[in-house]
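Written below as structure tokens is the structure these notes are about.
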Amino acid sequence: MTKPLALAAPLTFDNNEIYMRFPTSTPSFKSLRKNNFYYVDKTRYLYNLTEEENYFFLSRPRRFGKSLLVSTLHYLFEGEKELFKGLYIYDHWDDWGKKYPVIKISFGGDCYTPKLIEETIITQLKRAVKKAGLKVSDYKGLSPSNYLRDILGDWHLKTDQQVVLLIDEYDKPILDVLDDKKAAAANEKCLRGFYSVIKDCYDDLRFVFFTGITMFSKTTMFSGLNNLVDISLRPEYGAICGYTDKELDEIFAKEMIGLDRDKIRRWYNGYNWLGEKVYNPLSVMGYFKTKKFKGWWYRSSVPKYLYSFIKDKQVSIKDVVHGVIDEDQFSIFDPEDLKIEALLFQSGYLTIDQKMEENDGTGFCLKYPNFEVQKYLTKGILAHITDGKVTAGDSKKLVSSLAKNNFKGFAVTLNACLTGIPYQWHKYDLASYEAWYASLL
């Protein structure tokens, strides 16, 4: 008989439940479990992954739990059994007696040039060498790809255990310079060379897991790593990140007492990766902590690459929302040929409304996932392209004037907003820019 899913395991002392804290900035699984943070159990999904294949890729928006997922895998393969007590995988994992070597590489910092990317990789591989009890001097002068290949083979040989490789935020060095095509192409080339060696190390690898925002394409950065299984749009993994309604009810039952459930759902639920719809975890935690409806996720990190792309391409958001995109376009990640619909979806500003099967393939109709995104995205775009000259106050003035039939006041405010058109646009096609700018307003 299968044991029911254990959604969370509050820690206790002397049979008294400790006050649980809200994880708004802690991507460490061990820290969450040791320091009385709420934790929603996702280990059923991880168990299924470890039983299914060896190489996986997951795309999800920023601050959605990808790094926590990587951290959970890290401690799972290192055999930290006590951290998983009360969770699904505790009674199902057959490898508790093994402690696999684990190499984790994260591009969460600033990696803007190929040189910085290589330094980031080498620094993290050095830590792995020390952890393995190998000599750092034996790898001196090696390129990142050769460094990785050698340490995988050496660690496997030393322990007689295949190595687990976890790579978090694989695409950040490119997204950070997306508005500079030359820099983006150079960073992509550097990463492609590093990732391509992984396929040749199959015999030394027990498990490989990539995360990122953009969905990978086997024809670009991962051209040499064509055995990755993309679980980003597989329905059975739709809730691997984020919170479902059931999880909200069962884990946060005490927090939900007296709250407006429908309003919480309207503000923060609605993300759809072809499985069960989920809530944005960062926003839910921000709300529980303060009891205030705000753009907790949106304000956590300004997506400048997205704003720059929208401005440069003069994208009208209202034309993109409810638009249709082909399934194949979701995995196109070419800085020279980016699709704004795919970028908005992968970044978390649009989600799937419905899947449409047609004779010539599969398409997806997109929409805003929830009120938080709808409210703050357009505000953010206007603030970005006007250097803050158009504010939320202007929006309120426009709406208030219309509500009172004060057309003169409306015109005055609108004209003031239009003066925020950047002066450099006057050098180009001002009429075109002004029309796009007005459409945003």
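Is there a residue being acidic (Asp, Glu) and in a loop (DSSP other than H, G, I, E, B) anywhere in segment 388-409? No, segment 388-409 has no match at all. Checked against (1) without any contact (Cβ under 8 Å) to a residue 24 or more places away in the chain; (2) β-branched (Val, Ile, Thr); (3) in contact with a His (Cβ under 9 Å, 6 or more places away or on another chain), Thr290 passes all but condition (3). Only one of the listed residues (Gly348, Gly380, Gly420, Gly363) is small (Gly, Ala, Ser), open to solvent by less than 20 Å² (accessible area, probe 1.4 Å) and modelled with pLDDT of 90 or more. That residue is Gly348.
A quick yes/no check of all residues on (1) free of Cβ contacts under 8 Å to residues at least 60 places away in the same chain; (2) part of a strand (DSSP E or B); (3) surrounded by fewer than 21 Cβ atoms within 10 Å (Cβ to Cβ):
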site	(1), (2), (3)
Leu148	yes, no, no
His156	yes, no, yes
Val164	no, yes, no
Phe209	no, yes, no
Thr214	no, no, no
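Of everything listed in (1) open to solvent by 40 Å² or more (accessible area, probe 1.4 Å); (2) under 22 Å from Glu188 (Cβ atoms); (3) in contact with a Lys or Arg (Cβ under 9 Å, 6 or more places away or on another chain), the single unmet condition for Phe107 is (1).
Return the residue satisfying two criteria in turn: it lies in segment 240-266 and is farther than 25 Å from Leu58 by Cβ and under 22 Å from the mean Cα position of the chain (by Cα), and of such residues it is most open to solvent (accessible area, probe 1.4 Å). It comes out as Arg266.
Evaluation of Asn226 against the conditions (1) in a loop (DSSP other than H, G, I, E, B); (2) without any contact (Cβ under 8 Å) to a residue 40 or more places away in the chain; (3) open to solvent by less than 20 Å² (accessible area, probe 1.4 Å) shows that the sole unmet condition is (3). Scanning segment 292-343 for residues that are open to solvent by less than 20 Å² (accessible area, probe 1.4 Å), at pLDDT below 80, within 18 Å of the chain's Cα centre (by Cα) and more than 19 Å from Lys375 (Cα to Cα) yields Phe330, Phe333. Would you pick out the residues in segment 385-410 that are more than 23 Å from Trp267 (Cβ to Cβ), in contact (Cβ under 8 Å) with a residue 12 or more places away in the chain and open to solvent by 30 Å² or more (accessible area, probe 1.4 Å)? Once the filter is applied, which keeps residues that are more than 23 Å from Trp267 (Cβ to Cβ), in contact (Cβ under 8 Å) with a residue 12 or more places away in the chain and open to solvent by 30 Å² or more (accessible area, probe 1.4 Å), segment 385-410 yields Asp387, Lys389, Lys397, Phe410.
Looking at segment 15-23, is at least one residue of a type in the set (Val, Ile, Thr), in a loop (DSSP other than H, G, I, E, B), at pLDDT below 65 and in contact with a strand residue (DSSP E or B) (Cβ under 9 Å, 6 or more places away or on another chain)? Yes.
How many residues does segment 60-89 contain that are touching a Phe, Trp or Tyr at 6+ places or on another chain (Cβ under 7 Å) and farther than 18 Å from Ser31 by Cα? Qualifying residue count, segment 60-89: 2. The sole residue among Ile231, Ile174, Ile151 that is aliphatic (A, V, I, L, M) and under 30 Å from Arg265 (Cα atoms) is Ile231.
Residues in segment 120-140 that are in contact with a helix residue (DSSP H, G or I) (Cβ under 9 Å, 6 or more places away or on another chain), open to solvent by 20 Å² or more (accessible area, probe 1.4 Å) and either under 26 Å from Ala186 (Cβ atoms) or hydrophobic (A, V, I, L, M, F, W, C) (or both): Thr120, Ile122, Lys126, Leu134, Val136.
The values are calculated or read from the model by the stated rules, or taken from the named source; none is laboratory data. From a predicted model like this one, the values you see are computed outputs, not experimental measurements. Ideal geometry is used to build each Cβ from the backbone, glycine not excepted, and the neighbour counts take in all protein chains shown. Remember, those area values only see protein heavy atoms, side chains included, never the ligands or the DNA or RNA. Shrake-Rupley method; radii C 1.70, N 1.55, O 1.52, S 1.80 Å.
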